[in-house]
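Shown next, in structure tokens, is the structure this report addresses.
The values are calculated or read from the model by the stated rules, or taken from the named source; none is laboratory data. Just so we're clear, the structure is a prediction, and the values are computed from it rather than from any experiment. Cβ: placed from backbone, ideal geometry, glycine included. Neighbour counts: every protein chain shown.
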């Protein structure tokens, strides 16, 4: 029935075709169009195939040969240069041990495949489905970096054979084509082994064996499930998911790895639930530094900065043969080393003779316990029973106890020198020269302590900025402050009478600093100014901040003081000026950020006030070393825990901190004041620097701006002196003229008062 109907329809169409001339022409045009369209489409497809084939042939010319596949490119060390042209360090792969597939834990293989490439054992180098998914997401976000689809084989291809800085469509295609070549050359097991022996896990660890030793102090074949998941977690971003520096981020990423393993049936639900609740446990293996380096803390600081940049630019710090030009001057560094060593010779002896461990048994016990648990022998003990046995044996060993005593009471130092005009770090000593380790604490950048009175200039700067002259009179009477229902009374001063802000900063009178914050310089304004001047650390919004109770690093303080020295202009501190690839092509040129945070008038007045600290105040000890114009401020934290001095000349700013890694260990006496402990290092350094025949620093002075003027200030009120006022010459900002005093004063020596009780 159906066949007949179809034939009938065809017969009717033929009758119409022969009977209707117009219909006949219409059908002919339609057939011609169809033939043309088909021919055009076929032509386009052929041309596209020719173009695509030519393009792929072009790309294939830059692919590695079979010989290159079997012998990857030579690794080349990154070289670090000082500002004066000296090679000061190299970054390259160390202690790298290859392992066989049999020595790689099954959990590591499963974690890697589940997280990075679930179809690894099924594809031929490229996961086509993931590629199309990534293309869609990238097109929607207008970025090639948004979504990746690289298989493990593609990652291996990119790491070993291609330019890691290039993130382009061409690079992606070459990566895919190289991956196919690798899959044709090696087995899946060989690819996994090659990948895990070369991939970067962070902290300078390339390959699974180096990573296992670095993060867990064990061999790779000894890694458990949790440790395997932690290491795989770092692969996405070694800096962000570093289990030592970022344990919380590491835990979150590790749990994602574990979840992927559960979804792929590599672990059970019970194992998953138990594992995700485990804390991040590491046994970080600190390596001894290269003792030949004259600036180990600086070069480690540079390494950390470069590792952050590596993720941005896609280079390999340890294999790409980069040239890194830094700000450090080896001549400055030598003088800094000499100044620190000379001061510590006598100072260490003085402290050691005064410290009595019998009065601090709890401190000794906790330090011994910590030391034992960080030893390789303890960390590698297979069971808790073995650990306890080792622990008890070591704790009863007199040699170990003596070693801990010496280490805990070693005076640590953080000393940094900067050029305030360009932010360049010229010298850095981040620890006691006798106790340095490669990844030990850098006391310039990584340790934060209370700066004590060295924080006061921020308070007085706000007061000056608010229109008060250094000659403004402030009460030195005791002050009691109600804090949360409790009373607090600052020590240091409180002997009565009136003193000027200039005297208060020179003699470091605590009571006057607090009254200044109460009456002239609100703490919220002090915090705001300190932040603008380079203090990044969190600062407590309490009156006690005027005495430096907030914790900051020596680099922050030194950078902030540079703003006073640089006419009120803050400059970002930098350690690197230029980065080049192995062929000399520019990767990055570092230009520091700058901003105006103080008027040049306020900056100069503060310089002038802090010159008094050096010439006649708590830092006068400097003058036995150094006679050029200089300014600065001493600082001593509570109970003589930390000693500070931050100072500057018209050319350089330098900050010095002395203390202990365990804050419970304190100097405990007046010899621990900033003026006696830290200031001599600063003075010795400046003496050595300015007497160095290799330099020719001209004699310079702090230049007074046009809008700063010397006027007569009433010595009773601190206001602009009137006709009957006993006057004293003081500086003012002509843009912020103080109020005039109209009092009827008798000309008396009103400044005479009881001796000042000062706190350095």
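The figures follow:
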read-out	value
Considering residues of region 405-434 that are in a helix (DSSP H, G or I) and surrounded by fewer than 22 Cβ atoms within 10 Å (Cβ to Cβ) only, the residue nearest to the chain's Cα centre (by Cα)	407
Verdict on residue 665 being crowded, with 24+ Cβ neighbours inside 10 Å, touching a strand residue (DSSP E or B) at 6+ places or on another chain (Cβ under 9 Å) and either in contact (Cβ under 8 Å) with a residue 24 or more places away in the chain or farther than 25 Å from residue 337 by Cβ (or both)	no
Cross-chain or 6+ apart pairs with Cβ under 8 Å, region 259-273 first and free of Cβ contacts under 8 Å to residues at least 12 places away in the same chain, then surrounded by fewer than 12 Cβ atoms within 10 Å (Cβ to Cβ)	262/268; 262/269
Whichever residue in region 77-90 is surrounded by fewer than 21 Cβ atoms within 10 Å (Cβ to Cβ) and in contact with a strand residue (DSSP E or B) (Cβ under 7 Å, 6 or more places away or on another chain) and, among such residues, is modelled with the lowest pLDDT	77
Residue check, residue 682 assigned to a helix (DSSP H, G or I), on the phi < 0 side of the Ramachandran plot and within 27 Å of the chain's Cα centre (by Cα)	yes
Scope region 307-331; condition within 24 Å of residue 655 (Cα to Cα), outside any strand (DSSP E or B) and touching a helix residue (DSSP H, G or I) at 6+ places or on another chain (Cβ under 7 Å); matching residues	328
Number of the exception - residue 554 against (1) crowded, with 22+ Cβ neighbours inside 10 Å; (2) under 24 Å from residue 719 (Cβ atoms); (3) touching a strand residue (DSSP E or B) at 6+ places or on another chain (Cβ under 8 Å)	(2)
Which numbered condition residue 304 fails, given (1) closer than 30 Å to residue 436 by Cα; (2) assigned to a helix (DSSP H, G or I); (3) in contact (Cβ under 8 Å) with a residue 12 or more places away in the chain	(3)
Failed condition for residue 493, given (1) at pLDDT 90 or above; (2) under 24 Å from residue 539 (Cβ atoms)	(1)
Residues within region 522-537 that are touching a residue at least 12 places away in the same chain (Cβ under 8 Å) and farther than 19 Å from residue 469 by Cβ, tallied	10
Residues within region 347-391 that are loosely packed, with under 12 Cβ neighbours inside 10 Å and in contact with a helix residue (DSSP H, G or I) (Cβ under 9 Å, 6 or more places away or on another chain), tallied	0
Boolean, residue 617 is in contact (Cβ under 8 Å) with a residue 40 or more places away in the chain, over 26 Å from the mean Cα position of the chain (by Cα) and within 28 Å of residue 466 (Cα to Cα)	yes
Residue match in region 455-468 (condition: at pLDDT below 95 and touching a strand residue (DSSP E or B) at 6+ places or on another chain (Cβ under 7 Å))	no
Of all residues in region 172-221 being in a helix (DSSP H, G or I) and within 25 Å of the chain's Cα centre (by Cα), the one that is farthest from residue 158 (Cα to Cα)	216
Residues (more than 15 Å from residue 256 (Cβ to Cβ) and modelled with pLDDT of 95 or more) located in region 106-132	106, 107, 108, 109
Hits in region 364-388 (condition: part of a loop (DSSP other than H, G, I, E, B) and closer than 13 Å to residue 403 by Cβ)	374, 375
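So that you can scan it fast, the table gives a plain yes or no per residue for (1) assigned by TED's automatic domain parsing to the domain that holds residue 222; (2) within 29 Å of residue 666 (Cβ to Cβ); (3) at pLDDT below 90:
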site: 367; (1), (2), (3): no, yes, no
site: 371; (1), (2), (3): no, yes, no
site: 374; (1), (2), (3): no, yes, yes
site: 379; (1), (2), (3): no, no, yes
site: 384; (1), (2), (3): no, no, yes
site: 388; (1), (2), (3): no, no, no
site: 399; (1), (2), (3): no, yes, no
site: 402; (1), (2), (3): no, yes, no
site: 408; (1), (2), (3): no, yes, no
